[in-house]
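This report concerns only the one structure given below.
The values are calculated or read from the model by the stated rules, or taken from the named source; none is laboratory data. Bear in mind that the values here come from a model prediction, so they are computed numbers and not experimental data. When we count neighbours, we look across all protein chains shown, and the Cβ atoms used for this are built from the backbone with ideal geometry, even at glycine. The area values use the complete protein model at the heavy-atom level, side chains included, leaving out ligands, DNA and RNA. Shrake-Rupley method; radii C 1.70, N 1.55, O 1.52, S 1.80 Å.
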Amino acid sequence: MTDQVWQIEPSGRLRGDVEVRGSKNAVTKHMVAAMLGVDTSTIQNAPDVGDVGITAAMLRSLGFEVETGHGEITVAPGTHVEPRVPHAFTGLNRIPILMLGPLLHLAGEAFVPLVGGDPIGHRPIDFHVEALRSMGAEVHIGDDGIHAKAAKLRGTRIDLPYPSVGATETVLLTAVLAEGKTVIRGAATEPEVVELALFLQRMGARIELSPDRRVVVEGVERLRGASTWLAGDRLEAFSYLVAGLITGGQVRVHGCPQDRLVTAITTLARMGAQFEITDDWLTASAPNGLRAAAVQTDTHPGFMTDWQTPLMVLFTQAEGMSVLHETVFENRLVYVPALQKMGCEIEVFDVCLGGPACRFHDTNAKHSAVVRGVSKLRGADVTMPDVRAGFSAVLAAAAAEGTSTLRGIQHIERGYHRPLEQFSSLGLKIRRETVA
Ligand code: UD1
């Protein structure tokens, strides 16, 4: 059997300019929202990531007309709506669950295969299912996926036990066409969620964003198509800034607004990074080296959990002992063994370190890490378990001595916009190869 791998040779300081596209975590949700419009929607500045192709294929199988290319996606209604997402899409990403509400509105019934996504935490879907049930859907979870039925969906009050991004999106995508008012308490306020709400508002939805994580949606009878330009991906922006810092270089990132990176910038500045920020780009360098830090991930506007993996590699190049406390997903440190193989001195713990106790404090979940820096990293042959982990391995390989072979690269290609080209343009010797 052959395998596609990336071969990476460390190439000194990474320098140059990178332009990030619209975010991976927003683009597919906008595609789902577009299902609800009676005419065509257009999404611009879309990233060229695998999840877009997967979501486009799902929408086509449901009867929608979807065009993608040159950073633009159009979604138009077809002649009929097929309410079942085919089994072939089992486990590919977590988008099908978001289609339940829209399919119920359009067809009165829905089936979506079991959701996939990265192997981080148990990734339950109970909030989604409970929300749909409380809006009047009959939901049955079978061995092969989720079946739902609803003659009519009605607005109601939904208290989310945790401000889940996906569950908030499920409620938004369902409440906009439900009868009456839906009030979400404990809603996620991540920029990508707000971006989705704004897109739905353009389509004609009545959405109010109130203080204290309260969102009020008044259902309307129909939504039209809309057009939008996606804002830059804050995970990619952060990852490339770190790529510069980790190699003692400097990367200038274009296309991601500063307000999406507030906590990231402050965290890196505390570690000794110096920033230059304009309306068009931002750049970071650390001419005097980096210091250790204690960082806890959190919901927005806290330190984003997706930034945790690049940060962990950066910690290995900062002077002293750093601490990372992951509080959003209980199992997001699964990539640590790959980094340890590359010489990263990281130890994981099941206790809450570097911050107050979190939801996982009395579980066995290894969700805290202590990282020693500065470590000498070495090239290795490693397999990447998920998209963010994959990127961190590239960063470690760029800062290591010796060549690295990275396997499982489909994870990075699913979630990052043309990473091979972007890294090459920064001076990294990286190539895709087929190995036995
Ligand atoms: C999204 C992002 C992911 C990001 C995460 C948190 C996408 C495609 N992915 O994931 O990159 O890291 O938000 O910002 O947008 N939970 C439940 N029950 C549920 C739903 C969630 O217990 O029904 C829990 C999860 O296990 C987790 C927490 O809520 O502990 C947060 O998950 P959630 O915000 O829903 O993450 P995703 O939407 O899956």
Give me the residue from the range 328-337 that is in contact with a Ser or Thr (Cβ under 7 Å, 6 or more places away or on another chain) and open to solvent by 10 Å² or more (accessible area, probe 1.4 Å) and, out of that set, farthest from the ligand (Cβ to nearest atom).
Arg332
Hey, can you tell me all the residues within the range 356-377 that are assigned to a loop (DSSP other than H, G, I, E, B) and more than 16 Å from the ligand (Cβ to nearest atom)?
Pro356, Val374, Ser375, Lys376, Leu377
Being farther than 26 Å from Ala188 by Cβ and over 22 Å from the mean Cα position of the chain (by Cα) narrows it down to one residue among Ala137, Ala88, Ala148; which is it?
Ala88
State all residues of the range 24-51 that are modelled with pLDDT under 95 and open to solvent by less than 20 Å² (accessible area, probe 1.4 Å); if no residue qualifies, say none.
Val49, Asp51
Six or more apart or on different chains, Cβ atoms under 8 Å: show the pairs whose first residue is in the range 77-89 and at pLDDT 95 or above and whose second is open to solvent by 50 Å² or more (accessible area, probe 1.4 Å) and among the aliphatic types (A, V, I, L, M).
Pro77/Val38; Val81/Leu106; Pro83/Leu106
Taking only the range 1-57 into account, find how many residues are in a loop (DSSP other than H, G, I, E, B) and within 16 Å of the ligand (Cβ to nearest atom).
6
Please verify whether the range 90-97 includes one or more residues that are open to solvent by 10 Å² or more (accessible area, probe 1.4 Å) and assigned to a helix (DSSP H, G or I).
no
State which residue is farthest from Val49 (Cα to Cα) when the search covers only the range 404-436 and only residues that are touching a helix residue (DSSP H, G or I) at 6+ places or on another chain (Cβ under 8 Å) and of a type in the set (Ser, Thr, Tyr).
Ser404
So Gly373, is it at positive phi and open to solvent by 10 Å² or more (accessible area, probe 1.4 Å):
no
